[in-house]
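The values are calculated or read from the model by the stated rules, or taken from the named source; none is laboratory data. Being a predicted model, the structure only gives us computed values, none of them experimental. Here the Cβ positions follow ideal geometry from the backbone for every residue, glycine too, while neighbour counts run over all protein chains shown.
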Amino acid sequence: MSRTVIVVIDGFGIGAMPDAGALRPGDAAADTCGHVLDHARGPGGRPLRLPVLGALGLGLVHPHPDLARGTRLPVAAGRAALGYPGADTFAGHQTMMGADFSRVTVARLAEHLDEVSGALRAAGHRVELLDGRPLLVVDGSVLVHDNLEADPGINWNATGRLEDLPFDGILAIARTVRAVAPVARVIAVGGHADGPLPDFVRDGDGGTFGLDTPATGVYRNGGLEVQHLGAPLDHTRQLPELAARAGLPVTLVGKAADILACESATRRPAVPTADVFAHTLEAVRAPGDALVVANVQESDLAGHQQDPERYGRILEQADAGLAALVALLDRPGDRLVVTGDHGNDPTIGHAYHTREYVPVLIHRPDGPGVELLPDAASLADVGATAAAALGLDPAGLANGARLRTAAEG
């Protein structure tokens, strides 16, 4: 019997990818891990204590004086490029599970106004620009616009007030937009705003134009309804479904429970890091084989808050949770994979994700010792490697190749 656990530390990057500065030149210096460690040693007053991440090989792929350079654990350690455009949690997790995001692009709504307007009109809607700007007003009430809370061009929103239109109507508009949108997500948002939505429209970064959703009050006024419509994906060719079809129990924990598809999976949504690890440990303790995918979300929240001190505390809490997992995953064939989905440098000077490499740290109780992995071209290689560990054929995934050490060729 074997168990494979993938723990995604959300927003845990280990250095900028070569194209990280294309959107924001300052992002070329992004290093979530290094800057959090530096802050702890400097303004924080003490180095972070991350013995398990160190033992899993983090210091081998991110040399830093506060990380151990060696370990007695049998691990394989490397890093992965993201393998999808931008830096996004949804796209990161879908790619990691084996999705092919090669046709998903970063695009501003202004670049696709004719196509989106045409699809909406063909569906029977009335469509007009807002004061000649690149934002669509549909049926006089729903705004279709760039999402200003993520990196420019990653997501689009369809937002309406529930007193003007029930959420089913907002969702129908969002689905029509989704059918022609090239971006990773179209998000339907319905809620109760403090005033007419056009009062809260503003320019965003990178030539975007959209609704300042937090300023509208919909997040605090109650009754909020949201649905994320992802790019069309063949979920049957992703790791959770591949495992489920092979008869393996699948458990999705934390944000992974919200954004990954698998009809038969056990879902344990949670935000507090302690709860994420409690649910993960419960799934691992169950008898038999298993696939568990867990997301530690609070690290990403600390990045958005530009709070390196909080980020460090979450890393130490995650390190303690990983210690319990390492102790439990002791059978031949067991695997613990620790990785990230993008960066979120809390010292970078903005609240967006950062486009960084992420660590790939694999604990193998039956492994030969410490091995270094070649750089993975995509997070999809993490899913393919996990599939192989479970005795599944990685070719069943839409994307990705098993990572092999130098000795394996």
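Observations
- Where a residue in region 345-357 is in the same structural domain as A377 (by TED's automatic domain parsing) and its partner, wherever it lies, is assigned to a loop (DSSP other than H, G, I, E, B) and β-branched (V, I, T), with Cβ under 7 Å and at least six apart: T354/I348; E356/I14; Y357/I14
- Answer from R46, R24 - the residue that is modelled with pLDDT under 95, surrounded by fewer than 22 Cβ atoms within 10 Å (Cβ to Cβ) and closer than 27 Å to A324 by Cβ: R46
- Of all residue pairs spaced 6 or more apart or on separate chains, those with beta-carbon atoms under 8 Å, a first member in region 114-133 that is closer than 16 Å to A158 by Cα and a second member that is among the polar types (S, T, N, Q) are A119/T176; L120/T176; A123/T176; H125/T176; V127/S117.
- Condition met for I14 (in a strand (DSSP E or B) and either of a type in the set (A, V, I, L, M, F, W, C) or modelled with pLDDT under 95 (or both)): no
Each row is one residue, and each column tells you yes or no for (1) in contact with an Asp or Glu (Cβ under 9 Å, 6 or more places away or on another chain); (2) of a type outside the set (A, V, I, L, M, F, W, C); (3) farther than 24 Å from D300 by Cα.
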residue	(1), (2), (3)
L143	no, no, yes
W156	yes, no, no
V177	no, no, yes
R185	yes, yes, no
P214	yes, yes, no
G217	yes, yes, no
L224	no, no, no
L239	no, no, no
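- V253 being β-branched (V, I, T) and either buried (at least 23 other Cβ atoms within 10 Å of the Cβ) or outside the structural domain of L329 (by TED's automatic domain parsing) (or both): yes
- A single entry from F90, F101 fulfils the requirement of being in contact with a Ser or Thr (Cβ under 7 Å, 6 or more places away or on another chain) and under 25 Å from G383 (Cβ atoms): F101.
- Region 352-409: number of residues that are basic (K, R), in contact with a strand residue (DSSP E or B) (Cβ under 8 Å, 6 or more places away or on another chain) and at pLDDT below 95: 1
- Exclusive hit being in the same structural domain as A150 (by TED's automatic domain parsing), outside any helix (DSSP H, G or I), surrounded by 16 or more Cβ atoms within 10 Å (Cβ to Cβ) and at pLDDT below 95, set V186, V218: V218
- Of all the residues in region 140-157, those that are free of Cβ contacts under 8 Å to residues at least 60 places away in the same chain and in contact with a Ser or Thr (Cβ under 6 Å, 6 or more places away or on another chain) number 0.
- Considering residues of region 229-278 that are closer than 26 Å to T105 by Cα and assigned to a strand (DSSP E or B) only, the residue farthest from the chain's Cα centre (by Cα): L229
- Test: residue in region 204-212 that is surrounded by fewer than 18 Cβ atoms within 10 Å (Cβ to Cβ) and either closer than 30 Å to L392 by Cα or out of contact with any Gly (no Cβ under 9 Å at 6 or more places or on another chain) (or both): yes
- Flag for A323 being surrounded by fewer than 16 Cβ atoms within 10 Å (Cβ to Cβ), within 23 Å of A283 (Cβ to Cβ) and touching a helix residue (DSSP H, G or I) at 6+ places or on another chain (Cβ under 6 Å): yes
Listed here are the residues, each with its yes/no results for (1) surrounded by fewer than 17 Cβ atoms within 10 Å (Cβ to Cβ); (2) more than 24 Å from the chain's Cα centre (by Cα).
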site	(1), (2)
A351	yes, no
L361	no, no
G369	yes, yes
P374	yes, no
A380	no, no
A386	no, no
A389	no, no
N399	no, no
